[in-house]
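The values are calculated or read from the model by the stated rules, or taken from the named source; none is laboratory data. Because the structure is a prediction, the values reported are computed rather than measured. Here the Cβ is made from the backbone with ideal geometry for all residues, glycine too, and neighbour counts use every protein chain on show. Just the protein is used for accessible areas: all its heavy atoms, side chains included, with ligands, DNA and RNA removed. Shrake-Rupley method; radii C 1.70, N 1.55, O 1.52, S 1.80 Å.
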Amino acid sequence: MHRLLKQYGEWDIKLISYLRKRKIEENFQTRIIRYAVFSLLITIFVEFMVMGMIYLGSHVFENKATHREQTIDMKSNMLKNSLDVNTTMMEGANSQGQAQKEVVIIVVAIICLVAGAIMFTCIFLFYIRRYYNYIYEITEGINRIAGGDFESKIPVRYTDELSSVADTVNRLSVSIQKMIAMQKENEQSKNELITSVAHDLRTPLTSILGYLDLVRLGKVTDEETKRKYIDIAYHKAKRLQNLIEDLFVYTQVSFGKITLRNTNLDMVKFLEQIAEEFYPIFQESNLEYTFSTEVVRADVYGDGDLLARVFANLYGNAAKYGKSGEKVEAYLEEKEDTFEIRITNYGQLIAKEDIEYIFERFYRVDSSRSGETGGAGLGLAIARNIVVMHGGQIAVTSNVGGTTFTVTLNKALQS
């Protein structure tokens, strides 16, 4: 019997594997009914075996009794004088034996029923014990997760409701873990933001107050020097204004508080227009600017003001750090579903260790660079967020062939 139960357990495991491969879900109720039916079949089978053995035993016993009676009959025929007495005794013995037989049958039937019920219960509990253990395992897993152990996972063993509960708890644990990590990251980002902003705003503000204080206290009597200090304070104030504007735009873009006002844009004309605005800056930096493309029109669906900020930042960086390269090149290429815009300068290269962090907020490639030329380190972070908002990508490479920023934007859907 133990071998039979073990063999059925192996069949059940194979059935579960088959259901998993075929992605067939068997609910808990169906499985319990299946176990109950199989337990009943095993019980009936065992009961029939026991009843058959009892029947065979009783049959053998009856044969021996019949043989004994035949012997007694033979002896009775030899004793003719006592025939009537013996006959009466034999009939009494037969009646008594028949009554005892009926009692035995009733007792055996009751014993079989009780034994069958006990056997059915034991077999059924044997099969569902794995689910009791699984429920205990799920409960322990939930308790661990409730205690803060979000790395703990509950194994998904079957394809029923219990497994669904285990999978749901696992996904909930992962979601909570991500939420906590995001909360910690946001908290850290907020602290870094406050620290960086305080530092970047303090430097120009200190200079402004210093120069204006000299003028206010009358420590500068020369009109030319006074105008120089006021001019310096003005440019510092303008930089302070730009820092605040960058910070404002960054927070809006990063936290989804800005709404895209999308229209169809022809990127060929769009880039030519941005380049015209930077023409004086290129001339001042002694840079030759070229733009080339093999397409006549490159329509994308986007917010013109925000995309203008992206390319203005890229052109500004190219002019600022590409002075030694003598030229800036822009190229627009059509892909299957996108347009790829590449802006290359041949000046200062970006180190390999800086490439990975170039689009992070407040990150400056040259930490020793002055605030006057380096900015707040928000420009590329803003550019990346704007491009991502448009469903595109931005990347950078820097080697002996130049420093290239590549912006990929989706084509506008044709109506």
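Tell me, please, whether a residue that is surrounded by 11 or more Cβ atoms within 10 Å (Cβ to Cβ), touching a Lys or Arg at 6+ places or on another chain (Cβ under 9 Å) and touching a residue at least 40 places away in the same chain (Cβ under 8 Å) can be found in the range 167-179.
Taking every residue of the range 167-179 in turn, none turns out to be surrounded by 11 or more Cβ atoms within 10 Å (Cβ to Cβ), touching a Lys or Arg at 6+ places or on another chain (Cβ under 9 Å) and touching a residue at least 40 places away in the same chain (Cβ under 8 Å).
I'd like to verify a number: residues in the range 239-248 that are of a type in the set (A, V, I, L, M) and open to solvent by 80 Å² or more (accessible area, probe 1.4 Å), how many?
Counting residues in the range 239-248 that are of a type in the set (A, V, I, L, M) and open to solvent by 80 Å² or more (accessible area, probe 1.4 Å) gives 1.
When you scan the range 346-366, do you find a residue that is modelled with pLDDT of 85 or more and open to solvent by 40 Å² or more (accessible area, probe 1.4 Å), even just one?
Yes, the range 346-366 has at least one match.
Per-residue answers, yes or no, for (1) open to solvent by 50 Å² or more (accessible area, probe 1.4 Å); (2) modelled with pLDDT under 80:
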{"position": "A198", "(1), (2)": "yes, yes"}
{"position": "G210", "(1), (2)": "no, no"}
{"position": "R216", "(1), (2)": "yes, no"}
{"position": "K219", "(1), (2)": "yes, no"}
{"position": "K226", "(1), (2)": "yes, no"}
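Starting from residues that are part of a helix (DSSP H, G or I) and touching a strand residue (DSSP E or B) at 6+ places or on another chain (Cβ under 9 Å), keep the ones in the range 301-312 and report whichever is nearest to E288 (Cα to Cα).
Looking at the filtered set, the residue picked out is F311.
Considering only residues of the range 261-276 that are under 14 Å from D305 (Cα atoms) and assigned to a helix (DSSP H, G or I), which is most open to solvent (accessible area, probe 1.4 Å)?
Q273
Considering every residue within the range 309-317, establish whether at least one is in contact (Cβ under 8 Å) with a residue 40 or more places away in the chain, aliphatic (A, V, I, L, M) and open to solvent by less than 100 Å² (accessible area, probe 1.4 Å).
Scanning the range 309-317 turns up at least one residue that is in contact (Cβ under 8 Å) with a residue 40 or more places away in the chain, aliphatic (A, V, I, L, M) and open to solvent by less than 100 Å² (accessible area, probe 1.4 Å).
Tell me which of these L287 doesn't satisfy, since it passes every other one: (1) surrounded by 15 or more Cβ atoms within 10 Å (Cβ to Cβ); (2) out of contact with any Gly (no Cβ under 7 Å at 6 or more places or on another chain); (3) within 30 Å of G325 (Cα to Cα).
Against the list (1) surrounded by 15 or more Cβ atoms within 10 Å (Cβ to Cβ); (2) out of contact with any Gly (no Cβ under 7 Å at 6 or more places or on another chain); (3) within 30 Å of G325 (Cα to Cα), L287 comes up short only on (2).
Check K153 against each of (1) touching a Gly at 6+ places or on another chain (Cβ under 9 Å); (2) touching a residue at least 40 places away in the same chain (Cβ under 8 Å); (3) not small (G, A, S) and name the one condition it does not meet.
(2)
Looking at the range 314-336, which of its residues are within 20 Å of I358 (Cα to Cα), touching a strand residue (DSSP E or B) at 6+ places or on another chain (Cβ under 6 Å) and assigned to a helix (DSSP H, G or I)?
Correct list: L314, A318.
If E137 satisfies all but one of (1) within 24 Å of I32 (Cβ to Cβ); (2) charged (D, E, K, R); (3) under 20 Å from the mean Cα position of the chain (by Cα); (4) assigned to a helix (DSSP H, G or I), what's the number of the condition it fails?
Condition not satisfied by E137: (3).
Condition test on V107, is it open to solvent by less than 80 Å² (accessible area, probe 1.4 Å), part of a helix (DSSP H, G or I) and at pLDDT 75 or above?
yes
Each row is one residue, and each column tells you yes or no for (1) loosely packed, with under 13 Cβ neighbours inside 10 Å; (2) part of a helix (DSSP H, G or I); (3) under 41 Å from the mean Cα position of the chain (by Cα).
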| residue | (1), (2), (3) |
| --- | --- |
| A181 | yes, yes, yes |
| E187 | yes, yes, yes |
| D213 | yes, yes, no |
| I230 | no, yes, no |
| A237 | no, yes, no |
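Can you tell me which residue is least open to solvent (accessible area, probe 1.4 Å) among those in the range 152-166 that are aliphatic (A, V, I, L, M) and not in a loop (DSSP other than H, G, I, E, B)?
Of everything passing the filter in the range 152-166, A166 is least open to solvent (accessible area, probe 1.4 Å).
Which numbered condition in (1) touching an Asp or Glu at 6+ places or on another chain (Cβ under 7 Å); (2) at pLDDT 90 or above is the only one that Y315 fails?
(1)
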